[in-house]
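What follows is a set of notes on a single structure, which appears directly below.
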C-alpha cells in the first residue's frame, strides 16, 4: 500500500492526506512548489514526479492481506 507521507522531503511543509503532493515511483514525496522548482524530477532517484493519488478517509475499512480475491 502507498505510504502517505505527512511532509515534503525538501522543505518539510506539512502535507495533509488530501493535500496536493507529488511522488516518484519510490514514494519520495514533495509539495507542489518544491516539485515545480525541481522541474518535476526527483532529486533522489531522477524519476518523474507525478501527482500523488488522494485517499478517501471516510469509509476506509481494514486493509486486506493475502491472495487476490476471486472474481
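What follows is calculated from the coordinates using simple rules that are stated; it is not laboratory data. Treat the numbers as computed from the prediction; the structure is a model and nothing was measured. Note: ideal-geometry Cβ built from the backbone for every residue, glycine included; neighbour counts use all protein chains shown.
Along the Cα→Cβ direction, 7 angstrom out, place labels at residue 48 and residue 12. What is the inter-label distance in nm? Placing both labels 7 Å along Cα→Cβ, they lie 3.2 nm apart.
Is segment 1-53 rounded, prolate or oblate when judged by the Cα gyration tensor, a ≥ b ≥ c being the square roots of its eigenvalues, rounded requiring a/c under 1.5 and prolate requiring a/b larger than b/c?
Judged from the Cα gyration tensor, segment 1-53 comes out oblate (a/c at least 1.5, b/c at or above a/b).
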